[in-house]
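*Asks:* Can you keep this structure in mind? I'll have questions shortly.
The values are calculated or read from the model by the stated rules, or taken from the named source; none is laboratory data. Worth saying up front: this structure is predicted, and the values here are computed from it rather than measured. For neighbour counting, all protein chains shown are included, and Cβ atoms are generated from backbone atoms with ideal geometry for every residue, glycine included. Just the protein is used for accessible areas: all its heavy atoms, side chains included, with ligands, DNA and RNA removed. Shrake-Rupley method; radii C 1.70, N 1.55, O 1.52, S 1.80 Å.
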Amino acid sequence: MERPAWAPRSIDISVPSVSRMYDYYLGGSHNFEVDREAARKAMEFMPGLPKIMQANRAFMRRAVRFAAAEGITQFLDIGSGIPTFGNVHEVARAAAPDARVMYVDHDPVAVAHSQAVLRGTDGAGILAADLRKPGEILNSPELLRLIDLNRPVALLLVAILHFVEDADDPYAAVTELREALAPGSMLVLTHASYDGIPLPPERAEGAVDVYQNIRNPLIMRTRDEIARFFEGYDMVEPGLVPMPRWRPDTAPEDEDPYAFSGFAGVGRTA
C-alpha cells in the first residue's frame, strides 16, 4: 500500500482507525482503503451509519452555538477527530469572534490534519493526548496557554466515550475533567446506544463486532449509563435525548430514522 504524502510516517496504514472511518462516513478524503473496508463492513449490518454521524455533527454545531450564546468563549474538544467542514472553531468564532478552541486527539492523522487546518489561526490549537489520561490534558502547556481554566469552558466529548472501555473507567476521567473546570462550564456529549437504532439488536451487534475485530471496541451503553456521565452537572433542556431532538433547527420528524440512534445532551455546572 502506497503511503499518501499527508500520512505521518509514524502510523501503521494497514490498521483501521475509528477517526478515519468516521471521516469516511462523512464523505471525507483522509482515510485509507483499510478504513473504508472496515466501514463498509460495518455498514453491511447498519447501513445508516453515515446518517448517525451526520446527526452527531449537526448536534455538535447546535450545542456549540448554544454555549456561545450563553456566554462561553472557551471550548475543549477531546476526541476531535479529523477536521471536516464546520469545525468547532469555525462555529464558535461565527457566534463569538473571540472564542478559543483546543482540540485533543490521540490519532496521529487527526493531529497532523488539525495542525495543517489551524496553521495561522489564532485562538485555536491541537494537542496530542488521550481522554483516558485527563491529567496530561489539563496540565499540558499547550492547553494552559490557550484555555483559562478559571473561566467557564465548554467540554466536548462527542462520539468518544463509547470507545472507552469500562476497564479504563471513563466515569473517573469525566469526573476529573469536570472538577478542573470553573463554575458555569458545560459538558457537551453524544454516545452510542442500542436504543433508537431502527434494527433488531442482533443485527446492530454485527456492526459492533466489526469495531471489536479491529481492536477498537464500541461500547453501547444504556441511557441510564450515559446519564451517569452528567453527575455534577445540571441538565440543559430538553435533557438527554436522541440527537435530532436536542434543540432542533428543523422538524425532527423529517430526519432519517437512523439519526435517532444513541443519545445527546448538554449539562452545566453550578
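*Asks:* Please compute P(r) over all alpha-carbon pairs of segment 131-209, binned at 5 Å starting from zero, and give each bin as a whole-number percent.
*Replies:* 3, 13, 20, 21, 15, 11, 7, 7, 4, 1
*Asks:* Sort 257-270, 133-146 for me by packing, meaning the mean count of neighbouring Cβ atoms within 10 Å per residue, highest on top.
*Replies:* Final packing ranking: 257-270, 133-146.
*Asks:* Same structure again: Quick check: Cα centre of segment 106-147 to Cα centre of segment 179-247, how many Å?
*Replies:* With segment 106-147 and segment 179-247 each reduced to a Cα centre, they are spaced 24 Å.
*Asks:* How much length would be gained if the chain were fully extended between GLU136 and VAL15, taking 0.36 nm per residue of separation minus their Cα-Cα distance, in nm to one decimal?
*Replies:* Separation in residues times 0.36 nm, less the Cα-Cα distance, equals 41.0 nm.
*Asks:* Same structure again: Sticking with the crude label model, points 7 Å out along Cα→Cβ, report the distance from PHE85 to HIS106 in nm, one decimal please.
*Replies:* For PHE85 paired with HIS106, the spin-label model returns 3.2 nm.
*Asks:* Hey, another quick one. Expressed in nm to one decimal, what extension gain is obtained for the pair ALA94 and ASP209 from 0.36 nm per residue of sequence separation less their Cα-Cα distance?
*Replies:* Taking 0.36 nm per residue and subtracting the Cα distance, the gain is 37.4 nm.
*Asks:* What's the ranking of 224-237, 81-94 by average number of surrounding C-beta atoms within 10 Å, highest first?
*Replies:* 81-94, 224-237
*Asks:* What helices in the chain pass both tests, a Cα length along the helix axis of 20 Å or more and a mean Kyte hydropathy of 0.0 or higher, using whole DSSP H runs?
*Replies:* Within the chain the helices that satisfy the rule are 49-69.
*Asks:* Another one. About its Cα centre, how strong a charge dipole does segment 185-270 have in debye, to the nearest 20, once Lys and Arg get +1 and Asp and Glu get -1 at the Cβ?
*Replies:* 320
*Asks:* Give me the percent of the accessible area of the chain that comes from carbon and sulfur atoms, probe 1.4 Å, all protein chains in place.
*Replies:* Here carbon and sulfur together make up 49 percent of the probe-accessible area.
*Asks:* Next question, about the same structure. To the nearest 0.05, how large is the calculated FRET efficiency for ARG36 and GLU165 if R₀ is 30 Å and r is the Cβ-Cβ distance?
*Replies:* About 0.75, to the nearest 0.05.
*Asks:* Another question about this same structure. Spin-label point model (7 Å from Cα, Cβ direction): what's the GLU44 to ALA116 distance in nm?
*Replies:* With each label point 7 Å from Cα toward Cβ, the separation is 3.1 nm.
*Asks:* Using a probe radius of 1.4 Å on heavy atoms only, what accessible surface per residue do you get for the chain? Whole Å² is fine.
*Replies:* In whole numbers, the chain has 45 Å² accessible per residue.
*Asks:* Largest first, please: the extent of the C-alpha atoms of segment 151-270 along each principal axis, to the nearest Å.
*Replies:* 44, 38, 20
*Asks:* Expressed as a rounded percentage, what relative contact order does the chain have, with Cα pairs under 8 Å and six or more residues apart?
*Replies:* Reported as a whole number, the value is 20 percent.
*Asks:* Using Cα extents along the principal axes in Å as the read-out, say which of (1) 46, 42, 37; (2) 61, 40, 39; (3) 54, 38, 38 was calculated from these coordinates.
*Replies:* Recomputing Cα extents along the principal axes in Å here gives the entry labelled (1).
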